[in-house]
1. Looking at the range 18-27, which of its residues are surrounded by fewer than 23 Cβ atoms within 10 Å (Cβ to Cβ) and either under 21 Å from Q1 (Cβ atoms) or among the β-branched types (V, I, T) (or both)?
2. If you take the residues in the range 81-97 that are out of contact with any Asp or Glu (no Cβ under 6 Å at 6 or more places or on another chain) and surrounded by 20 or more Cβ atoms within 10 Å (Cβ to Cβ), which one is nearest to K65 (Cα to Cα)?
3. Among the candidates S30, S122, which residue alone is small (G, A, S), closer than 18 Å to L18 by Cβ, surrounded by fewer than 17 Cβ atoms within 10 Å (Cβ to Cβ) and out of contact with any helix residue (DSSP H, G or I) (no Cβ under 8 Å at 6 or more places or on another chain)?
4. Residues of the range 40-59 being within 17 Å of E108 (Cβ to Cβ) and open to solvent by less than 60 Å² (accessible area, probe 1.4 Å), which ones?
5. Within the range 102-118, work out how many residues are in contact with a helix residue (DSSP H, G or I) (Cβ under 9 Å, 6 or more places away or on another chain) and surrounded by fewer than 14 Cβ atoms within 10 Å (Cβ to Cβ).
6. Among the residues in the range 24-36, are any free of Cβ contacts under 8 Å to residues at least 24 places away in the same chain and of a type outside the set (G, A, S)?
7. I'm trying to understand the selection: among the residues of the range 76-122, which are free of Cβ contacts under 8 Å to residues at least 60 places away in the same chain and not β-branched (V, I, T)?
8. With the structure loaded, tell me whether G10 is more than 12 Å from the chain's Cα centre (by Cα), open to solvent by less than 50 Å² (accessible area, probe 1.4 Å), at pLDDT 95 or above and small (G, A, S) or whether it fails that test.
Amino acid sequence: QVQLVESGGGLVQPGGSLRLSCAASGRTFSSYAMAWFRQAPGKEREFITKISWSGGRTAYADSVKGRFTISRDNAKNTVYLQMNSLKHEDTAVYYCAASTSWGVRAVEFDYWGQGTQVTVSS
């Protein structure tokens, strides 16, 4: 069992930066691939990035590639999402998720956090 809690969301101006954190409970955190998804109002939940259990492998959606960076610290049971050059269209609730597989579909993820709101607005 893994419990996930996101933090770090908020209001930021276009072009600004935010860093999200996802703290996990449970001794098996390092066994899971971790990902970030987001969901804007009226839209489906969207995969944006993932990282392997060791941190040695990552993948990004085209919409965030070059602007967002995922990382993890297994000693702290935490995964991070550094978001730079934020745009209005990045506004969404951001969720972290854990999976024992290497997929991008929401159904492949076993555990989810409650989400944190990111609003990009001037």
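The values are calculated or read from the model by the stated rules, or taken from the named source; none is laboratory data. Just so we're clear, the structure is a prediction, and the values are computed from it rather than from any experiment. Reconstructed Cβ throughout: ideal geometry from the backbone, glycine too, with neighbour counts over all protein chains shown. To get the accessible areas, we keep the full protein, side chains included, count just its heavy atoms, and leave off ligands, DNA and RNA. Shrake-Rupley method; radii C 1.70, N 1.55, O 1.52, S 1.80 Å.
1. Correct list: S21, A23, S25, G26, R27.
2. The qualifying residue nearest to K65 (Cα to Cα) is M83.
3. Residue meeting the stated conditions: S122.
4. F47, I48, T49, K50, I51, S52, A59
5. 1
6. Looking through the range 24-36, at least one residue is free of Cβ contacts under 8 Å to residues at least 24 places away in the same chain and of a type outside the set (G, A, S).
7. If the condition is that a residue be free of Cβ contacts under 8 Å to residues at least 60 places away in the same chain and not β-branched (V, I, T), then K76, N77, E89, D90, A92, G103, R105, E108 are the ones that fit.
8. Details: more than 12 Å from the chain's Cα centre (by Cα): yes; open to solvent by less than 50 Å² (accessible area, probe 1.4 Å): yes; at pLDDT 95 or above: yes; small (G, A, S): yes.
So G10 passes the test.
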